[in-house]
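The values are calculated or read from the model by the stated rules, or taken from the named source; none is laboratory data. Just so we're clear, the structure is a prediction, and the values are computed from it rather than from any experiment. Glycine also receives a Cβ, built like all others from the backbone with ideal geometry; neighbour counts cover every protein chain displayed.
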Amino acid sequence: MVQISKSDDFLKIKDRSFKSRLFIGTGKYPSTALMQESLLRSESEMVTVAVRRIQAAETGHEGLMETINWSKVWMLPNTAGCCNADEAIRVARLGRELAKIANQGENNFIKLEVIPDKRHLLPDPFGTLEAAEKLVKEGFTVLPYINADPLLAKRLEEVGCATVMPLGSPIGSGQGLLNQANIAMIIENANIPVVVDAGIGVPSEAAHAMEMGADAVLVNSAIALSGGPAAMAGAMAKAVQAGREAFLAGRLPRRSEASPSSPTSGLVNSKES
């Protein structure tokens, strides 16, 4: 039987530990105030920021660096908007400088996204692997966003990535975990944390990912574009924690036949009554 201790159950990525297993994004919120409140309610300790959008001061990203208390939250810069490995590497280096501005000089984390497909937003496996190999050699802690491809996940682990981040379904689609079988294989074979990223639409899907054995989930659109972002962030936090505890406890094995929950011994014999 697994002994569950909430105080000892930390997610470890390279040399950093996180109590929360919910990562959230900072884009798409109706207002900065709602983003701040959602971050607080989520209890997340790692948030993603799109380096290119910060630099360009795109709508919704103005003043973001000053808005978040970086002494309490770990920055995860991402290479969103990059179409090839070379672009992703350049933006990753800018992301490291962005972390320094947030007084996180030791932060070498990068969420690696290489997405040339602007319609379906599916990551390029070849460009991702190429960029990952080079960034690892430069000392980055690489968290690559990938299709739910077990072979690619293992290869990325072999080249030194700190996690793998398979998509549940396309970015922002809210379709949930369409790739459950492949995600399960990735989890089974991985010796690094597996973070389910993209496609989660409701808390039950986040809980399901954790029940499967995922180490964490990353949620953005489902929180930011919901009717009540702060409330949804709180719900996601509870779902992730519940899913994690359920995974550690171990589910009831599936059976082909019913099994009575009440004892079958000591029953009253109708002939004796």
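Residues in the range 114-136 that are buried (at least 16 other Cβ atoms within 10 Å of the Cβ) and part of a helix (DSSP H, G or I): Pro125, Gly127, Thr128, Leu129, Glu130, Ala131, Ala132, Glu133, Lys134, Leu135, Val136.
Residues checked against (1) in contact (Cβ under 8 Å) with a residue 60 or more places away in the chain; (2) aliphatic (A, V, I, L, M); (3) buried (at least 18 other Cβ atoms within 10 Å of the Cβ); (4) farther than 30 Å from Gln241 by Cβ:
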{"residue": "Pro30", "(1), (2), (3), (4)": "yes, no, no, no"}
{"residue": "Met65", "(1), (2), (3), (4)": "no, yes, no, no"}
{"residue": "Asn69", "(1), (2), (3), (4)": "no, no, no, no"}
{"residue": "Ala88", "(1), (2), (3), (4)": "no, yes, yes, yes"}
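Listed by first and then second residue, the pairs with beta-carbon distance under 8 Å, at least 6 apart or on different chains, first residue in the range 1-25 and of a type in the set (S, T, N, Q), second part of a helix (DSSP H, G or I) and modelled with pLDDT of 90 or more, are Ser20/Ser42; Ser20/Ala237; Ser20/Val240. Being surrounded by fewer than 24 Cβ atoms within 10 Å (Cβ to Cβ), free of Cβ contacts under 8 Å to residues at least 40 places away in the same chain and of a type in the set (A, V, I, L, M) is a condition met by at least one residue of the range 154-174. Restricting attention to the range 175-194, the residues being touching a residue at least 24 places away in the same chain (Cβ under 8 Å), under 21 Å from Ser226 (Cα atoms) and surrounded by fewer than 18 Cβ atoms within 10 Å (Cβ to Cβ) number 1.
Could you list, in sequence order, all residues of the range 100-114 that are at pLDDT 95 or above and of a type in the set (A, V, I, L, M)? The answer is Ile110, Leu112, Val114. Taking only the range 90-129 into account, find how many residues are within 19 Å of the chain's Cα centre (by Cα) and at positive phi. Number satisfying all stated conditions: 1.
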